[in-house]
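*Asks:* Sharing a structure, written as structure tokens. Questions coming.
The values are calculated or read from the model by the stated rules, or taken from the named source; none is laboratory data. All values reported here derive from a predicted model rather than from experimental measurement. In this analysis, Cβ positions are derived from the backbone assuming ideal geometry, glycine residues included, and neighbour counts consider all displayed protein chains.
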Amino acid sequence: MINTRSKMKLPQRCSAGITTLLMTTSLFFIVGSTVAFGEESIVPTGPRTFFYIEREPAYEVCEVETVYDPRLVPLWLQAIDHGERELLCKSAEAFVIAKKLGYSDVNERVAEKLLEAFEKTEDAISKRSLGIALVELDYSKAANAFEKAFTETDYQLCSILEPALGTWKHSSTITRNLERLNNKETLVPWKKLAIQVLMNAREVSAKSPLVGIVTNQRERIDLRLAAAKALGTTFSTGLVKVADELSLRNREDDPFSQLLAVEVIQLDNSEPAIQLVQRWVVSTQTTVQSKSLEHLQRNNPQLAANYALGEKTKNHFAVTHPNSNVRRILIETCFQITSLETVVTLASFLDDPHPQNRQLAADALYALAQKDDEFKVAVVEQIQAGLQHSSWRVLERSAILAPYLSMESTHEQMIALLKFERKEVGAAAAFALKKFDLKATLPAALSQLIENINATFLLNDDQEIHDYEFRCLQTQHLCEFMGRQRYPEADASFREFIPKSQEDGKIIQHPRSRGIAIWAIGRLHEDGRDQDLANLLRGRLTDLNALMPEFGEVRLGSAYALGWIGDDSAVSDLKQFSGRGAPGREIATACAWAVEHLTGEEIPLSSPVKELKNYDWFLRPSTEYDPSAAPF
């Protein structure tokens, strides 16, 4: 695709087998986690740029069911019985992680065992680890044991146990923390803990001392903010006066007063509260603005959207607002009120500096266009204007939306945008041409592809790498477009993608560009029985060189191309890789399709394959295990 004259290294291909050991000494940890917010997005997801060849042509893939090794939990329970600190701590951690990953065997039986170990151990570190596990498993039956373990001398342990006891509304814990909160001698860490416990318990009798902390400007700001959040979480009425008094304070004397005021009435949707919040929306503090707009969004989206509508108003918020969260809320509220007036405003946010906000605005416009013809006309008008805009951000989003709004008449603009200075725009324009699928644009697509093949990038700085990646993306769309149209003039250009590299070994072509170009060659030569071409592609399919094996994208494209070309001599190679239960299922699927296409011989779909979920647990069974033989 693109010549990159540098010593850029290709991604290494390595496959490490899983060593089954009884126990490893390495520390177990989670690399990442998924946060579920429990609410659907306000704006539905709209169009995205995408590729087709993974399943082109479509063919069934065998299901792979990932399961847990049922021997893990018994093994960890045995470790708990040993009573050693390291085993206790690591087993407790393993149970928590497994529970979060959906391991159903981590149940009440496990929690009972953890509680038994918690009560038995005298080691402070082990007790904390086991306490965390019981809290994460939400085992409320541990409440009495937690209360018995309470000690004022171990703040770390209490900070684990007491918030859970508050959530479980344990009466003596609530009483103790009310006393802490009212005691002027209570140290700051314990007072913050008391606020957390009482907030978890939604304890209404804590209102007076919490208000006292929030309104006392001599208190530490972290305590005041914690108290404000506790009040706002616990009470939905009765705090407007407190919030009003806070917000009227001189900022020089009490700089955080407005932020505290917003937190205090976060659940109050009464008219007096709404009026206060509207006053705060125009605060000079962007965090206060953001929280105030969120309050209005929950209770009256029109009021929030008004700050983005009417450009002549004094308090107009636009895409130039410095806070990205404020801009996000404005986009969402403009969509929520579903008004023709908001279409223009939403289109202006296609120029938002934050990419997620740009995407959100594009999604909102697309969703409104699906509403009825009147909305579609309004959205199309804005996208047409967007394609004439000077901002690359607007041009990129408009180009991606245009095909989904049936705007084929803009194809000349898309051709011009292929050479736009910002490569993101050029890639989006190529995507639009692919989606338009117009024969008249094929010569322009080929011309751009040839330019891309000859382009040179010295990949020694971030901008060069950025431009390279988007030029590759553009090439992929162009190759797919011309392949689908079976455009014979592109044949010579497509063939340049077959070799791994040029003779000097330094010109590297993007693997996905190569895979799609090879896939496109197959479309061009359908039933052509080109022996020489087939031999080249068989070499790509079978290249599993240990030092530098061929990329999966290239092997995938080669498998489909061999099927279309119609060379029966490729059948043996295709069958070799058509094990449809194999880990590389996409390549196996393509090979199975090609065999059937060439010979009519159907390669049956294997039964669902069971694979063990492996998270490199600190403790694993020492013997080999076949999950397909498991009775689940």
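*Asks:* Considering only residues that are surrounded by fewer than 16 Cβ atoms within 10 Å (Cβ to Cβ) and in contact with a Leu (Cβ under 9 Å, 6 or more places away or on another chain), which ones fall in the range 122-139?
*Replies:* Within the range 122-139, D123, A124, I125 qualify.
*Asks:* While we're looking at this one, here's another question. Filter the range 49-82 down to the residues that are modelled with pLDDT of 90 or more and either in contact with a Lys or Arg (Cβ under 7 Å, 6 or more places away or on another chain) or of a type in the set (A, V, I, L, M) (or both) and list them by number.
*Replies:* The answer is L72, V73, L75, L77, A79, I80.
*Asks:* Continuing with the same structure: Cβ-Cβ below 6 Å, separation at least six or inter-chain, first residue in the range 541-558 and within 17 Å of Q576 (Cβ to Cβ), second in a helix (DSSP H, G or I) and polar (S, T, N, Q): which pairs?
*Replies:* Note: pairs meeting the criteria are L541/S558.
*Asks:* Shifting gears a bit: Kindly check whether there is at least one residue in the range 137-154 that is without any contact (Cβ under 8 Å) to a residue 60 or more places away in the chain, within 24 Å of W76 (Cα to Cα), hydroxyl-bearing (S, T, Y) and assigned to a helix (DSSP H, G or I).
*Replies:* Among the residues of the range 137-154, at least one is without any contact (Cβ under 8 Å) to a residue 60 or more places away in the chain, within 24 Å of W76 (Cα to Cα), hydroxyl-bearing (S, T, Y) and assigned to a helix (DSSP H, G or I), which makes the answer yes.
*Asks:* Modelled with pLDDT of 95 or more, under 34 Å from the mean Cα position of the chain (by Cα) and of a type in the set (D, E), is that true of E116?
*Replies:* Here the answer is no, as E116 does not meet what is asked.
*Asks:* R85 - would you say it is within 30 Å of L165 (Cα to Cα), in contact with a Ser or Thr (Cβ under 7 Å, 6 or more places away or on another chain) and surrounded by fewer than 17 Cβ atoms within 10 Å (Cβ to Cβ)?
*Replies:* For R85, the condition - within 30 Å of L165 (Cα to Cα), in contact with a Ser or Thr (Cβ under 7 Å, 6 or more places away or on another chain) and surrounded by fewer than 17 Cβ atoms within 10 Å (Cβ to Cβ) - is met.
*Asks:* Now, a different point. Whether any residue in the range 291-298 is in the same structural domain as A243 (by TED's automatic domain parsing), farther than 19 Å from S236 by Cβ and among the hydroxyl-bearing types (S, T, Y) is what I want to check.
*Replies:* Checking the range 291-298: not a single residue is in the same structural domain as A243 (by TED's automatic domain parsing), farther than 19 Å from S236 by Cβ and among the hydroxyl-bearing types (S, T, Y).
*Asks:* Also, I was wondering about something else. Under 27 Å from P57 (Cβ atoms) and either of a type in the set (F, W, Y) or touching a helix residue (DSSP H, G or I) at 6+ places or on another chain (Cβ under 9 Å) (or both): is that true of H525 in this structure?
*Replies:* For H525, the condition - under 27 Å from P57 (Cβ atoms) and either of a type in the set (F, W, Y) or touching a helix residue (DSSP H, G or I) at 6+ places or on another chain (Cβ under 9 Å) (or both) - is met.
*Asks:* Still on this structure, please answer the following. Just to be sure I understand, how many residues within the range 88-102 are closer than 25 Å to P608 by Cα and buried (at least 20 other Cβ atoms within 10 Å of the Cβ)?
*Replies:* Total meeting the criteria: 1.
*Asks:* Which residue out of L239, L267, L293 is surrounded by 21 or more Cβ atoms within 10 Å (Cβ to Cβ), farther than 21 Å from I337 by Cα and in contact (Cβ under 8 Å) with a residue 24 or more places away in the chain?
*Replies:* When all the criteria are applied, what remains is L239.
*Asks:* Go through (1) among the β-branched types (V, I, T); (2) farther than 18 Å from N200 by Cα; (3) surrounded by fewer than 17 Cβ atoms within 10 Å (Cβ to Cβ) for V106 and report which single condition fails.
*Replies:* Against the list (1) among the β-branched types (V, I, T); (2) farther than 18 Å from N200 by Cα; (3) surrounded by fewer than 17 Cβ atoms within 10 Å (Cβ to Cβ), V106 comes up short only on (3).
*Asks:* Another question, if that's okay. Working only within the range 177-204, note down all residues that are over 37 Å from the mean Cα position of the chain (by Cα) and surrounded by fewer than 13 Cβ atoms within 10 Å (Cβ to Cβ).
*Replies:* E179, K184, E185, L187, V188, V204
*Asks:* Do we have T338 as in contact with a helix residue (DSSP H, G or I) (Cβ under 6 Å, 6 or more places away or on another chain) and under 19 Å from I42 (Cβ atoms) here?
*Replies:* So T338 fails the test.
*Asks:* Out of all the residues in the range 61-81, is one or more within 30 Å of L478 (Cβ to Cβ) and touching a residue at least 12 places away in the same chain (Cβ under 8 Å)?
*Replies:* Scanning the range 61-81 turns up at least one residue that is within 30 Å of L478 (Cβ to Cβ) and touching a residue at least 12 places away in the same chain (Cβ under 8 Å).
*Asks:* Continuing with this model, one more query. Go through the range 346-356 and count every residue that is crowded, with 23+ Cβ neighbours inside 10 Å and either of a type outside the set (D, E, K, R) or touching a residue at least 60 places away in the same chain (Cβ under 8 Å) (or both).
*Replies:* 4
*Asks:* Please tell me if I465 is among the β-branched types (V, I, T), out of contact with any Lys or Arg (no Cβ under 9 Å at 6 or more places or on another chain) and without any contact (Cβ under 8 Å) to a residue 60 or more places away in the chain.
*Replies:* Yes.
*Asks:* Is there a residue being touching a Lys or Arg at 6+ places or on another chain (Cβ under 8 Å) and at pLDDT below 90 anywhere in the range 34-48?
*Replies:* No, that holds for no residue.
*Asks:* Follow-up. Among (1) farther than 16 Å from H411 by Cβ; (2) of a type in the set (V, I, T); (3) assigned to a helix (DSSP H, G or I), which single condition is V425 missing?
*Replies:* That leaves (1) as the condition not met.
*Asks:* Of the residues in the range 328-359, how many are hydrophobic (A, V, I, L, M, F, W, C), more than 18 Å from V425 (Cα to Cα) and part of a helix (DSSP H, G or I)?
*Replies:* Looking only at that region, the number is 8.
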